[in-house]
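The values are calculated or read from the model by the stated rules, or taken from the named source; none is laboratory data. Since the model is a prediction, treat every value here as computed from it, not as a measurement. Using ideal geometry, Cβ is built from the backbone for each residue, glycine included, and neighbour counts are taken over all protein chains shown.
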Amino acid sequence: MSNIHFYQPKEGHGLAHDPFNAIIAPRPIGWVSTKSKAGVLNLAPYSFFNALNYTPPIIGFCCVGSKKDSLRNVQETGEFCWNLVSQDLVDAMNVTSKPLMPEESEFDAAGLETVDSEIVSVPRVKASKVSMECKLTDIVQLKSASGALVNSWWVMGEVVGVHIDKSLLESGVYSTIKAAPVSRGGGQGDYYTISQENYFKMLRPE
């Protein structure tokens, strides 16, 4: 008997829980703040998020399953901000994942203060130690291998401004460990942090 569990996603995984999110993990959290054309603020965490390009810096997040407020706001204004979720902000981040009406603000629900950005009109999370101001570069609706459209939209933005708490800089080098970023795992509520004990260094071969 093979010790490999194989499945075709279209036929089901045959397990107690879909392993996909747990395999592609941990994933950085895209805590995205946006503002509607009418001025209503929105803040939402996205577990499908990452850096996509270095020069110019481009990041992206994916709205999965439906057109969420974040997507609609970015379509209207062409702007968004990413805010770092550190360990001290996980409870507030979790509150912002609650579905609210479009006219309600997650900033208010989570008791979070805003701070104005330098370049874009979208405010940032004041308590977040790192934030990135972004201008929309593209929105792509995903497709299956057969070419059928999927109810997911990949939102990409060029980073035009970066805010870093100086406490995270050591001799001009950003300290990821000091930033205490929280990442998303699999399951309904699995999250991870990093620690010095798990750190190792490995340089690319020349």
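Confirm whether Ser131 is hydroxyl-bearing (Ser, Thr, Tyr), buried (at least 19 other Cβ atoms within 10 Å of the Cβ) and in a strand (DSSP E or B). Yes; evaluated as a whole, the condition is true for this residue. With respect to Gly39, is the statement that it is surrounded by fewer than 17 Cβ atoms within 10 Å (Cβ to Cβ) and over 20 Å from Ile119 (Cα atoms) true? So Gly39 fails the test.
Only one entry of Leu136, Leu142 meets the criterion of being part of a strand (DSSP E or B) and under 17 Å from the mean Cα position of the chain (by Cα), and that entry is Leu136.
Within segment 47-83, the set of residues being crowded, with 23+ Cβ neighbours inside 10 Å and closer than 21 Å to Gly186 by Cα comprises Phe61, Cys63.
Results for (1) in contact (Cβ under 8 Å) with a residue 40 or more places away in the chain; (2) of a type in the set (Val, Ile, Thr); (3) part of a helix (DSSP H, G or I); (4) over 20 Å from Pro45 (Cα atoms), shown as yes or no for each residue.
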residue	(1), (2), (3), (4)
Lys178	no, no, yes, yes
Ile194	no, yes, no, no
Lys201	no, no, no, yes
Glu206	no, no, no, yes
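I'd like to check something: does segment 40-53 contain any residue that is in a loop (DSSP other than H, G, I, E, B) and hydrophobic (A, V, I, L, M, F, W, C)? Yes; the residues of segment 40-53 include at least one that is in a loop (DSSP other than H, G, I, E, B) and hydrophobic (A, V, I, L, M, F, W, C).
Val64 passes every criterion in (1) at pLDDT below 95; (2) aliphatic (A, V, I, L, M); (3) more than 13 Å from the chain's Cα centre (by Cα) apart from (3).
Counting just the residues of segment 84-122 that are outside any loop (DSSP other than H, G, I, E, B) and of a type outside the set (A, V, I, L, M, F, W, C), which one comes out surrounded by the most Cβ atoms within 10 Å (Cβ to Cβ)? Explain how you work it out, then say what you get.
Applying the first criterion (outside any loop (DSSP other than H, G, I, E, B)) to segment 84-122 yields 86-95, 106-110, 114-115.
Now restrict to residues that are of a type outside the set (A, V, I, L, M, F, W, C): 86-88, 91, 94, 106, 108, 114.
Numbers: Ser86: 20, Gln87: 12, Asp88: 11, Asp91: 9, Asn94: 14, Glu106: 22, Asp108: 12, Thr114: 19.
Restricting to residues being outside any loop (DSSP other than H, G, I, E, B) and of a type outside the set (A, V, I, L, M, F, W, C), the top hit is Glu106.
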